[in-house]
Amino acid sequence: MDRLSRRALLRGVGTAGFLAAVAGCGVPPAYVRPGERKAPDRSAADDSLTFANWPLYIDVDDHDKQRRPTLDAFERRTGISVTYTEEINDNDEFFGKISPALMNHQTTGRDLIVISDWMCSRFVRLGWVQEMDRSRQPNVAKHLDPLLLKPAFDPGRKHCVPWQSGITGIAYNRRKLGREIKHTGDLWAADLKGRVTLLAGMDEAFALLMQGEGVDITRWTADDFHRMTDRVAALVRAQHIRRFTGNDYIKDLSSGDVLAAQAYSGDVIQLKADNPDIEFVVPEEGAELWSESLMIPDLAAHKRNAERLVDYYYEPAVAAELATWVNYVCPVPAARDVLASAKDKETAALAEDPLIFPDDGMRGRLAIARDISAEERPELAKEWNGIVGL
């Protein structure tokens with residue numbers, strides 16, 4: 001089944017540069033104060049909501065690709081009609097699409113969106129999203145994975161709730177390499193010269209590489225970043241790193257042109273189905289746990305309906321049904337028991353897949369990276385992109 005990576009490349013200085021530019025062009029300050037974020041909620045009188053997501057990121061019916069079983073079930077149960085759009089193909093692109101409305105205190109026309117947490121952090125800082133009412137979301141309060149509860153940019157997950165999660169680790173062809181990879185530093189061994197790829201996007205790449213240097217990514221510093229880039233730059237000069245990639249590392253691994261790659265856990269599940277020699281490893285030093293999260297933008301017209309939909313997807317049975325299709329790390333650990341009890345053997349086997357439900361050993365090596373602040377981003381992006389060649 002074809003999949004699209006939800007981890008987008010950072011282009012240039014990205015949105016930080018965009019915000020700096022508009023600030024110098026007579027555009028009003030982008031920050032929205034708390035009292036200006038809500039609109040009159042029409043949920044009670046209008047049983048509808050608009051939900052913007054990424055392509056191929058929800059379950060579909062095997063016989064009718066226009067049907068989405070979990071979403072259809074929500075509509076039948078609640079009477080709420082959901083307009084579901086697959087319009088998010090890149091975090092920066094979507095930011096550019098809706099930011100003019102948000103910074104000018106206008107509605108985006110969307111009640112619920114899904115974006116990567118590093119982009120969520122910017123929305124939170126800018127005041128472009130509303131707090132969710134957890135008193136109306138008992139499933140989120142009960143079932144959200146504790147590992148995902150306290151990102152630095154949004155302690156307690158007041159403004160966002162993970163849709164799906166994943167791990168940035170290392171994928172490699174164990175048979176062709178002829179040995180195991182257990183540490184990030186194993187990528188720099190002589191037998192991998194010219195056969196390694198790293199991710200091109202700074203937000204996607206930096207955390208794992210820092211962890212390989214022994215850095216606690218929950219509190220990394222600029223000095224940690226510079227030491228990491230010094231090492232990467234030296235490896236580029238030595239032609240050890242074959243290239244920097246987006247999601248196309250999948251093709252490189254499949255063809256055998258590359259033996260090891262910085263990779264996303266959800267992609268490797270699909271790779272392993274086609275090639276059992278491909279392994280995914282969370283290095284001993286650790287790997288980054290990331291999410292793409294649900295958020296309610298400012299002035300959303302159906303906030304209560306959106307909160308109901310978010311809470312619905314945190315019912316373990318619903319989360320389990322979604323997990324069987326998307327194959328990313330499920331943010332609802334209780335869904336594991338639902339899958340384990342399935343009569344279908346393939347479905348039950350998913351409960352034992354550590355790339356969907358990480359085991360205790362793996363969980364102990366996962367961490368959510370401190371996000372890159374708006375002040376840090378221009379300098380760090382310039383440094384990183386100079387190495388990558390963006």
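Around the Cα centre of the stretch 253-370, unit charges on the Cβ atoms of Lys, Arg, Asp and Glu (plus for the first two, minus for the last two) sum to a dipole of about 480 debye. Evaluated on the stretch 63-182, the Kirkwood hydrodynamic radius is 17.7 Å, with distances taken between all distinct Cα atoms.
Using a cut-off of 30 Å between Cα atoms, the listed pairs LYS97/LYS150; LYS272/LYS343; LYS150/LYS251 include LYS150/LYS251 as exceeding that distance. Taking Cα centre as origin and charging only the Cβ of basic (Lys, Arg, +1) and acidic (Asp, Glu, -1) residues, the dipole magnitude of the chain rounds to 420 debye. Taking 0.36 nm per residue of separation and subtracting the Cα-Cα distance, full extension of the segment from HIS63 to LYS251 would add 64.8 nm.
Selection among TRP54, LEU149, THR78 by position relative to the dipole of the stretch 20-162 gives LEU149 as farthest towards the positive end (Cβ unit charges, Cα centre).
Please sort 97-103, 131-137 by packing, taking for each peptide the average over its residues of neighbouring beta carbons within 10 angstrom, highest first.
Working: 97-103: 18.1, 131-137: 15.1.
Peptide ranking by packing, descending: 97-103, 131-137.
Where does each of 256-268, 54-66, 231-243 land if you order them by average Cβ count within 10 Å, highest first?
Numbers: 256-268: 23.3, 54-66: 13.3, 231-243: 15.6.
Descending mean neighbour count gives 256-268, 231-243, 54-66.
Highest mobility in the GNM of the chain, judged by mean-square fluctuation with C-alpha springs under 10 Å and restricted to ARG33, ARG195, ARG42, is found for ARG33.
Could the peptides 299-305, 159-165 be put in order, highest first, of the mean number of other beta-carbon atoms found within 10 Å of their residues? Mind showing how you got there, number by number?
Numbers: 299-305: 23.3, 159-165: 25.4.
By packing density, highest mean first, the sequence is 159-165, 299-305.
What number, rounded to the nearest 500 deg cm²/dmol, is the helix-based mean residue ellipticity at 222 nm of the chain, given -39500 (n - 2.57) per DSSP H run of at least four residues and division by all its residues? Don't skip to the answer; put the middle values down first.
Values: 16 runs with 144 residues, N = 390.
That calculation yields -10500 deg cm²/dmol at 222 nm.
We did not get these values from a lab; they are worked out from the coordinates using the rules stated. All values reported here derive from a predicted model rather than from experimental measurement. Every residue, glycine as well, gets a Cβ built from its backbone with ideal geometry; the counts of neighbours run over all protein chains shown.
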